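These notes are about the structure you will find just below.
The values are calculated or read from the model by the stated rules, or taken from the named source; none is laboratory data. Owing to the predicted nature of the structure, the values given are computational and were not obtained by experimental measurement. No Cβ is skipped: glycine too gets one built from the backbone with ideal geometry, and neighbour counts run over all protein chains shown. The area values use the complete protein model at the heavy-atom level, side chains included, leaving out ligands, DNA and RNA. Shrake-Rupley method; radii C 1.70, N 1.55, O 1.52, S 1.80 Å.
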Amino acid sequence: AQALAEALVNTDHNVLTGGTENHLLQLDVRPFDINGRQAEGALREANVTLNRNPIPFDPNGAWYTSGLRIGTPALTTLGMGPDQMREIANVFKTILTNTLPSKITKGKSAGQMSKARYKIDDSALATARDQVSDLLKRYPLYPELDLAYLRKAFA
């Protein structure tokens, strides 16, 4: 988690408290002009699992939030270390710098920026998905499972 926090700080992310002393860290996404709900959705589209989380005195409240809560136990359980945390920080940078709020197109709020919807640059999303896929190929979940056998037996 400390390596991920350091890598995020080094790639211009606002990590609250400047780092972490445990397995969790919190990221303020306001500098990217999106909220936590949009950031969470965009990163999930890139196959990154995390959740939005309010930051202290959050102007966006508890539903939309201004932050993300990131935990590393699942990553370290797979055997990932500091080098992989730097790769993950780059995935965050790719997605968050290429995500923008969408405009509302219908109803009384038409023309205003949405607090829920967003648009990700297609090439940035493809790049991030490839990076995540490469990481998961190198650090598979349950590597002892014979996927070929399971596909044959249960497909």
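The one condition from (1) at pLDDT below 95; (2) over 27 Å from residue 133 (Cβ atoms); (3) open to solvent by less than 60 Å² (accessible area, probe 1.4 Å); (4) not small (Gly, Ala, Ser) that residue 65 does not meet is (1). Has the range 49-60 got at least one residue that is within 18 Å of residue 85 (Cα to Cα) and open to solvent by 30 Å² or more (accessible area, probe 1.4 Å)? Yes, the range 49-60 has at least one match. Looking across the range 107-141, the residues that are within 20 Å of residue 88 (Cβ to Cβ) and surrounded by fewer than 11 Cβ atoms within 10 Å (Cβ to Cβ) come down to 123, 137, 141.
For a quick check of your reading of the model, give me the residue pairs whose first member lies in the range 17-28 and is within 19 Å of residue 58 (Cα to Cα) and assigned to a strand (DSSP E or B), whose second is open to solvent by 60 Å² or more (accessible area, probe 1.4 Å) and at pLDDT 95 or above, with beta-carbon atoms closer than 6 Å and at least 6 apart or on different chains. Correct list of pairs: 26/69; 28/14. Against the test of being of a type outside the set (Lys, Arg), touching a residue at least 24 places away in the same chain (Cβ under 8 Å), touching a strand residue (DSSP E or B) at 6+ places or on another chain (Cβ under 9 Å) and closer than 23 Å to residue 14 by Cβ, the options 99, 94 yield a single qualifying residue, 99.
If I filter the range 94-106 down to residues being at pLDDT 95 or above and part of a loop (DSSP other than H, G, I, E, B), which single residue comes out as least open to solvent (accessible area, probe 1.4 Å)? Ranking the qualifying residues of the range 94-106, first place goes to 98.
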